[in-house]
Amino acid sequence: MEHMHSHNTWGISGPVFLTIFATASVACLVWALCDIYRARRIRLDDPIDRLTPTEIGMLVSDRNAYLAALTQLLTQGYIDSDGQPNPTPSRTKSRLDQLSRTTLEALRNQSGKRKDVAKTTRSARVDLRNELRVRGYLTEPSARGVRIALVLFMVIGVIRMFAGLSNAKPTGLLVAVLVVDMVSLMFVSGLQQRRTIRGDKALDAARSRNRHLRPELRPAVRTYGPTAAAVGVALFGIRIVELIDPLFAANATVSRGHIAASWGTGGYFGGGFDSTSSCSTSSSCGSSSSCGGGGGGCGG
């Protein structure tokens, strides 16, 4: 018996190791799915608030929230088509929300330093995103514990695989379970949502109220007022900006989930978007899956 145990990798037979890891994988998968389900249903029965343009934009993406803030400043005369602060804004103005005020302050104080503007507005976007999470419109980063467990199990599985190979043990089933775990990880990652069910309802309601602003209808957006223009941009993005001010839109560069607007004659407004901001980014915090590679008769 002692001789037989000495041939088992780590003193654990392949079938036992595979059983433990397969069970842990299923447990982690169930854990992740329950966590994602819970995150989507937070404050589900609460009434829907009347959201500001930048809040509506944040339901779609960080970029749309930023564009909505810019549009409020543009349509109320705080900045011009080159993105420069206007020393004499129009007298008739609607109330600016927090992200728009922060954006305007950053523009006035940036002194040609685009990185400073990007840093200031990025912090404001994070604050807005977190506020909407607390209010139940955006999902919290979920399944962090599962992700940590997944990493640990995968590492152990890979180490076990190499240990088994060095011990001349078959590892085919272990490799197969590791592959299944990776596929499960991608599957669960795809289930992550930026918005909660409540957030989906709020966004659907905003789209329903503002059907007339759809870009394919080519609406005269400015005639609806600054707030409506900003809401249109929050919902439909850069295509509405093009209808509001083609020069303003032409000066904006939008690519790969980042938006940085480079303005002529020495001025510019930097968005500084991280590639994770749209779901956030953070959404991948919940992208956990079945936990880690198994071991078995071919588990080293």
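The values are calculated or read from the model by the stated rules, or taken from the named source; none is laboratory data. The shown structure was predicted, so the numbers you read here are calculated from the model rather than taken from an experiment. No Cβ is skipped: glycine too gets one built from the backbone with ideal geometry, and neighbour counts run over all protein chains shown.
Observations
- Apart from one condition, residue 216 fits all of (1) out of contact with any His (no Cβ under 8 Å at 6 or more places or on another chain); (2) of a type outside the set (S, T, N, Q); (3) over 23 Å from residue 40 (Cβ atoms); (4) surrounded by 14 or more Cβ atoms within 10 Å (Cβ to Cβ); the exception is (4).
- Residue check for residue 181: closer than 30 Å to residue 37 by Cβ, modelled with pLDDT under 90 and either assigned to a helix (DSSP H, G or I) or of a type outside the set (Phe, Trp, Tyr) (or both): yes
- Top-ranked residue of segment 60-81 - restricted to ones that are among the hydroxyl-bearing types (Ser, Thr, Tyr) and in a helix (DSSP H, G or I), ranked as nearest to residue 103 (Cα to Cα): 66
- Residue check for residue 18: buried (at least 16 other Cβ atoms within 10 Å of the Cβ) and within 20 Å of the chain's Cα centre (by Cα): no
- Single match in 59, 33, 74 (criterion: aliphatic (A, V, I, L, M), in contact with a strand residue (DSSP E or B) (Cβ under 8 Å, 6 or more places away or on another chain) and either modelled with pLDDT of 85 or more or under 24 Å from residue 210 (Cβ atoms) (or both)): 59
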